[in-house]
Ligand SMILES: Nc1ncnc2c1ncn2[C@@H]1O[C@H](COP(=O)(O)OP(=O)(O)O)[C@@H](O)[C@H]1O
Ligand SMILES: [Mg+2]
């Protein structure tokens, strides 16, 4: 087998609630191969968001390591982390998190500007991605002029902009109707079939049922890790 694109080793995170330690993650290990489409499910409080913020370099573990694309990202200093995050990880959020004053095009473009991609490459890439998301005729629209499903597709284009090693999606269908939900999941599945690694955190079993691997968390541990044919 190839080297995994994501490797999590003995990852633990303990928060302090006053003087009481809360073990949000306890010794979690697993590997993800390039192009996998997987979901993380589990009850509220089981550690899903904590886990995502460790992989996404938004917070630091108490113990353990995360390797992305062969790089031990948990070793990054505070000044190195933003660059790794920009180049290796694409985020998709429940509330889309687009910049309201910018058009669809500019929302995708700005992700590449932060990564110092030259202007001519950015224009071509943003147009290509938005077209691929079925938004060719929405390029100059602002988020407020787009439906929830369209906004989430802009957010997915933005997440793809810098060709990330992995896309992390936290409840990406939490705000849309079921028809739009199914369309977004199909789109993500399609991207994974073209080699994009995608990890979704979700409560929705009809979303996890469409992913090819399901990791179920309970009390900060992996309760089960199953291939979903
Ligand atoms: N910043 C924090 N400070 C203290 N406790 C936290 C913090 N974030 C999460 N927790 C606790 O860690 C556990 C896991 O939370 P979380 O990762 O948000 O779970 P999930 O996303 O599965 O609902 C919970 O018991 C939660 O209360
Ligand atoms: Mg959560």
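Bear in mind that the values in this text are calculations on the coordinates, not laboratory data. Computed from a predicted structure; not experimentally measured. No Cβ is skipped: glycine too gets one built from the backbone with ideal geometry, and neighbour counts run over all protein chains shown.
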At 0.890 mPa s and 25 °C, Stokes D of the chain from Kirkwood alpha-carbon radius, µm² per second: 136
Starting from the Cα-Cα distance between residue 116 and residue 30, subtract it from 0.36 nm times their residue separation and give me the gain in nm to one decimal. 27.7 nm
Given R₀ = 41 Å, what would the calculated FRET efficiency be for residue 139 paired with residue 203, taking r from the Cβ atoms and rounding to 0.05? 0.80
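Applying 1/(1 + (r/R0)^6) with R0 = 41 Å to the Cβ-Cβ distance of residue 228 and residue 58, what FRET efficiency is obtained, to the nearest 0.05?
0.90
Expressed as a rounded percentage, what relative contact order does the chain have, with Cα pairs under 8 Å and six or more residues apart?
Values: 455 pairs, mean separation 66.4, N = 229.
That works out to 29 percent.
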I need the shape label for segment 60-139. Rule: rounded when a/c is under 1.5, else prolate if a/b > b/c, else oblate, with a, b, c from the alpha carbon gyration tensor. prolate
Least to most buried among 86, 60, by other C-beta atoms within 10 Å and fewest first, runs 60, 86
For segment 77-122, what class follows from the C-alpha gyration tensor (a ≥ b ≥ c being the square roots of its eigenvalues): rounded when a/c is under 1.5, otherwise prolate if a/b is larger than b/c, else oblate? oblate
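I need the shape label for segment 137-229. Rule: rounded when a/c is under 1.5, else prolate if a/b > b/c, else oblate, with a, b, c from the alpha carbon gyration tensor.
Here segment 137-229 falls in the prolate category.
Ignoring everything except DSSP H segments at least 4 long, calculate the 222 nm mean residue ellipticity for the chain; use -39,500 (n - 2.57) per segment, divide by total residues, nearest 500.
Rounded to the nearest 500, the figure is -9500 deg cm²/dmol.
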Pairwise centroid distance, computed over Cα atoms, of segment 148-227 with segment 74-118, Å: 18
Tilt, helix 178-193 to longest principal axis of the chain (alpha-carbon atoms), in degrees rounded to tens, equals 80
Starting from 0.36 nm per residue, how many nanometres of slack lie between residue 22 and residue 87 once their C-alpha separation is accounted for? 20.2 nm
